[in-house]
Amino acid sequence: MSRKLATRMVWVVTIGLSLVACGGAPPPHDALTAAQSGVKGAEVAGATEDPKAQLHLKLASEQIAKAKQLMEDGDNEEAALVVSRAQADADLALAYAQAAKSLKQAKEADEQLGKLKKQLKE
Amino acid sequence: MISIKSSLSFSLVLVMFGCATAPPPPELLDARKAYERASKSLAAQLAPAELDTAQQALAKAEKSYEEEGPEAPTQDLAYVAERKAQIAEVTGAKVAADRDSKLADKQFKDAQLEGLDKTKQELKSEKKARAEAEKKVAAAMASLAEMAKVTEEDRGMVITLSGSVLFKTGKYDLLPIAREKLNEVATALSGSNYKAIVIEGHTDSQGKPSDNDTLSLKRAESVRSYLVSQGMPSDKVSAKGLGSSRSIDDNGTPDGRANNRRVEIIVQPNK
């Protein structure tokens, strides 16, 4: 066995391992679908009406597009990570949208109460 | 052998470099900060499940950082962990707002009920007060009818008070008994709606007509100023002295002359 061969074998093993680590993952179809419906859900909840929710809705959509591209390129592992980011942004957009609604309601309820109390005092 | 050794050590160095010695990525720093904020917010009490999820996500990112180093998937896990922490914080704020809304709604309903009660009470006491006022007016009218002649004529309701009851002969100061009678008149009229009230003074035909005119005017004015002092509107009450020009009985007999000496209060209805 020559030195050259041994050197080659070490490299082959190293590169082979790294290839298995990258290319072996299945495409994250389910996670992608879930993230897409997460975006829809946030939109329905009014995420486009709140600036913070809108920002994360945009991030989620951008990352969904990026994940699709990565899947087409065969980089499923990276795609799965990007999809997980998209899901997190969609969830956050929904939370912001719901909180904005609740805060608005609370403010209105408080104003109504104030008006009534003022009326009763007269 | 040198090249085998060097490639092996190169691989080892790569692996080691990947481990914890490298500084954490900005995503992880952000995630730690976001979790710290969330754990100090309302989420601790109002969104414990979300906060717990955030804690687990951060732990996963920290573990990845220790085992895999600062690159992917640590950055992605930290990115997700930061958002989970933000979700916990904003959910806490949402739950607090919902709680505030509910409380305000309840207070609104309570206040409405209270207001309704108060309105009912006010209406009740208003009605009672009105009924009492009407009763008082009716009673005053009844006693007025006993001491004075009250007739309905074209010129309005005419209350005729005898001159001898109100004044001493030839004078125009009200007698004490006159004040009592006029109080009844004022009470009786306080509840009614009228356009104007005219107070006319009349005398019998004895004496100089000019003296009679003056006396009858002064007497009418005495009655007017007393009624105004009892709260009747001064702009609606006027006084006139007619002397003996409108006798209603025979000036040739003592009884007739007594009837002619009088004060008439004419209440003109509001049309």
(message) I'm told residue B:165 meets every condition in (1) out of contact with any His (no Cβ under 7 Å at 6 or more places or on another chain); (2) modelled with pLDDT under 90; (3) more than 16 Å from residue B:148 (Cβ to Cβ) except one. Can you identify the failing condition by its number?
(response) (3)
(message) Taking the condition of being out of contact with any helix residue (DSSP H, G or I) (no Cβ under 6 Å at 6 or more places or on another chain) and more than 13 Å from residue A:94 (Cα to Cα), how many residues in segment A:29-60 meet it?
(response) 4
(request) Answer yes if at least one residue in segment B:240-254 is part of a strand (DSSP E or B) and modelled with pLDDT of 85 or more, and no otherwise. (result) yes
(message) Please go through segment B:57-112 and give me each residue that is facing chain A (nearest Cβ under 7 Å), more than 23 Å from residue A:57 (Cα to Cα) and not hydrophobic (A, V, I, L, M, F, W, C), ordered by number.
(response) B:98, B:100, B:101, B:105, B:107, B:112
(message) So if I check each of A:79, A:90, A:100, which one is in contact with a Pro (Cβ under 7 Å, 6 or more places away or on another chain), crowded, with 21+ Cβ neighbours inside 10 Å and touching a residue at least 40 places away in the same chain (Cβ under 8 Å)?
(response) A:79
(message) When the residues of segment B:80-108 are narrowed to those that are among the small types (Gly, Ala, Ser) and farther than 14 Å from residue A:105 by Cβ, which ends up nearest to the chain's Cα centre (by Cα)?
(response) B:92
(message) Just to be sure before I move on: is residue B:140 buried (at least 18 other Cβ atoms within 10 Å of the Cβ) and not in a loop (DSSP other than H, G, I, E, B) in the structure I sent?
(response) yes
(message) Going by what's in this entry, would residue B:123 be described as farther than 30 Å from residue A:81 by Cβ, surrounded by fewer than 21 Cβ atoms within 10 Å (Cβ to Cβ), within 42 Å of the chain's Cα centre (by Cα) and touching a residue at least 24 places away in the same chain (Cβ under 8 Å)?
(response) no
(request) Taking only segment A:81-122 into account, find how many residues are more than 7 Å from chain B (Cβ to nearest Cβ) and closer than 30 Å to residue B:74 by Cβ. (result) 8
(message) Can you list residue pairs whose Cβ atoms sit under 7 Å apart, with the first residue in segment B:45-72 being under 18 Å from residue B:95 (Cβ atoms) and the second being surrounded by fewer than 15 Cβ atoms within 10 Å (Cβ to Cβ)? Count only pairs 6 or more apart in sequence or on different chains.
(response) B:51/B:44
(request) Scan segment B:60-103 residue by residue and report those that are in contact with a helix residue (DSSP H, G or I) (Cβ under 8 Å, 6 or more places away or on another chain), more than 22 Å from residue A:96 (Cα to Cα) and at pLDDT 95 or above. (result) B:60, B:61, B:62, B:64, B:65, B:74, B:75
(request) Would you mention how many residues in segment B:12-21 are outside any helix (DSSP H, G or I) and either hydrophobic (A, V, I, L, M, F, W, C) or modelled with pLDDT of 95 or more (or both)? (result) 2
(message) If I go through segment A:50-80 residue by residue, how many of them are within 12 Å of another protein chain (Cβ to nearest Cβ) and under 27 Å from residue B:97 (Cα atoms)?
(response) 7
(request) Might you let me know whether segment B:125-136 holds any residue that is assigned to a strand (DSSP E or B), more than 14 Å from chain A (Cβ to nearest Cβ) and modelled with pLDDT of 90 or more? (result) no
(message) Being in a loop (DSSP other than H, G, I, E, B) and more than 24 Å from residue B:212 (Cβ to Cβ) is the filter here; which residues of segment B:143-181 pass it?
(response) B:154
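The values are calculated or read from the model by the stated rules, or taken from the named source; none is laboratory data. Computed from a prediction, not measured in an experiment: that's the story for all the values here. With ideal geometry, Cβ positions are generated from the backbone for all residues, glycine too; neighbour counts draw on all protein chains shown.
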